[in-house]
Amino acid sequence: MKLLTHPSHQRPCGWNSWLPSRKVRPALNGQSEAEVVIIGAGYTGFAAATAWQQARPDDRIKILEADRVGEGSPGRNSGFMLEIALANDARPEELERMGQLNALSRQTMALLRERVERLGIDCQLAHSGTYRAARSAIGQRSLKQYEDFLNAAGLSYQTLSGGQLAEKIGTHYYSHGLYSPDCYLVQPAALITGLADSLEPGIELHEYSPATQIVPDGKKWRVSTSEGEVLAGRVILANNAFSRAFGADSSRLTAIYTYAAITEPLVERDRQRIAARTWGLLPAHRLGCTLRTTVDGRLMIRSGYSYEREADNARVEDGLRASLEARYPDIAPVRFDQMWGGTTGLTYNGAPFWGEIQPNLYVSAGCNGGGIVKGTFLGDALARKALGQPVEDVASLFGTASWMPPDPVRRLGFYLTSQVERLKAKSET
């Protein structure tokens, strides 16, 4: 299978489609030089560029983005900004490590919040907390494991019966729920475009500039696009799973596509019952369904996965519609205003693929669905590492990405595991 250098999506990003038009930065053209080139204008790439610029304000910093900002994966996520570990990261026996991770997440979230406020980025940032919910026995076991972690860590939460949860989100679909205050919701495309348009003058962003080749040139790296080249002292790969095309270890990283849709604004009766306020729900089970509302009274649903390539959108839409109607069978007829797919970099054990992979070539990949806060921290840390500054022990905190078998074994394993898990937790998807 040929590795792609950047994603190719069938549909535009729904979040981005609602934003006012912005001035797109010019594509890379001709020959140039820089102290550092960053591949990928996402949360990791922007954090790396900002950290570098603060440390060396006179350096030439270039960011190459394959599409226009907001259309890539950073604008296509669900907009959850978690201050504590994801459910599948939580192990009560590792409380000291998780406590350090949670502290770093809170610090990073505070930094992002301060930046949004200082720069006046209108991205609907709200400290809403998040619900987790389960319907089946397997989902309830996952929910109990997360509750055990929260208890052991001394973190605040509230358990909810199915009826109590229904009062919050307008559906009796779930039998058990849990509320954690440690989460913000955001309009992700508004956040990432706001960060792009607020970059310091010394950081040059080039949109519609997918890197096609990165090769060594003496002690430097030559980065090519279709229209230009940059000779750089260091290169940071911040394009997640697509970093594999430029040297990241394919045996430890793969690309997974996930799918989301947002309804048109709900009718007043349903809006009062379901979307009178902004809330978000993450599934207890890893293959479960994500839900959230928007400030203008819409309902977003995310469900479904595919391996390495985007699935047929008509079939995806049918699946999203079925999941929505199962949870809200009495909702007034409502159409999907937007539907799209997006990618995430996945590692087998959930640890990032991070660090220096060749002299002066660095990578941060494998966000495993926790991209905004985690990606921001890892990008900042990677820039500091590349600059030779003190940096946290990322391997001890997050672990190291473990080996996965190559295709076709990996592909077969993904589909078999997905089918088994989907059958076991059918009502959670």
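Just so you know, all these numbers are worked out from the coordinates, no wet-lab data involved. What you see is a predicted model; the values in this text were computed from it and never measured. Cβ sites come from the backbone with ideal geometry, for glycine too, and all protein chains shown count toward neighbours.
For the reader, a short list of remarks on this structure follows.
- Using θ = phi - 60° and Karplus 6.51 cos²θ - 1.76 cosθ + 1.60, couplings along region 221-230 (whole Hz; Gly, Pro as x): 10, 9, 9, 10, 10, 5, 10, x, 9, 10
- Rh (Kirkwood; distinct C-alpha pairs) - region 28-109, Å: 15.4
- J(HN,Hα) series, region 24-36, from Karplus relation 6.51 cos²θ - 1.76 cosθ + 1.60, nearest Hz, glycine and proline x: 6, 6, x, 5, 5, 9, x, 9, 7, 10, 7, 6, 8
- Along the axis of the charge dipole computed for the chain (Cβ charges of +1 for Lys and Arg, -1 for Asp and Glu, origin at the Cα centre), the listed residues 52, 140, 224 are led at the positive end by 140.
- Net charge, residue 363 excluded, C-beta distance under 13 Å - Lys, Arg +1, Asp, Glu -1: +2
- Mean sequence separation of contacting Cα pairs (under 8 Å, at least six apart), scaled by the length of region 165-268, corresponds to a relative contact order of 11 percent.
- Estimated Rh, region 175-229: Kirkwood, alpha-carbon pairs, angstrom: 15.5
- Under 5 Å from the amide H of residue 41 lie the amide H atoms of 66, each residue being 5 or more positions distant or on a separate chain, with H modelled from the backbone and absent for Pro and chain starts.
- Computed packing ranks the peptides 273-282, 403-412 as 273-282, 403-412, most packed first, by mean other Cβ atoms within 10 Å.
- Note that region 269-286 has calculated 3J(HN,Hα) couplings of 4, 6, 5, 5, 7, 10, 10, 5, 9, 8, 9, x, 10, 9, x, 5, 8, 5 Hz, one per residue in order, obtained from phi through the Karplus relation 6.51 cos²θ - 1.76 cosθ + 1.60 (θ = phi - 60°); glycine and proline are x.
- Between the amide H of residue 338 and those of 262, distances stay under 5 Å, these residues lying 5 or more places away or on another chain, with hydrogens modeled in the peptide plane.
- Longest to shortest principal axis, alpha-carbon extents of the chain, angstrom: 65, 47, 45
- Antiparallel DSSP beta bridges within the chain, percent to nearest 5: 70
- Choice from 188, 210, 74 with maximal GNM fluctuation in the chain (Cα, 10 Å cutoff): 210
- Inter-probe distance in nm under a simple model that places probes 7 Å from Cα toward Cβ, at residue 389 and residue 124: 3.4
- Evaluated at q = 0.10 Å⁻¹, a Debye calculation over the C-alpha positions of region 304-429 (equal weights, vacuum) places log10 I(q)/I(0) at -0.49.
- Note: relative contact order over the chain, using C-alpha pairs below 8 Å and six or more positions apart, is 24 percent.
- Residues whose placed amide H lies under 5 Å from that of residue 229, excluding near-sequence neighbours: 30, 31, 32
- Magnitude of the charge dipole for the chain, about its Cα centre and with charges confined to Cβ atoms of Lys, Arg (+1) and Asp, Glu (-1), is about 720 debye.
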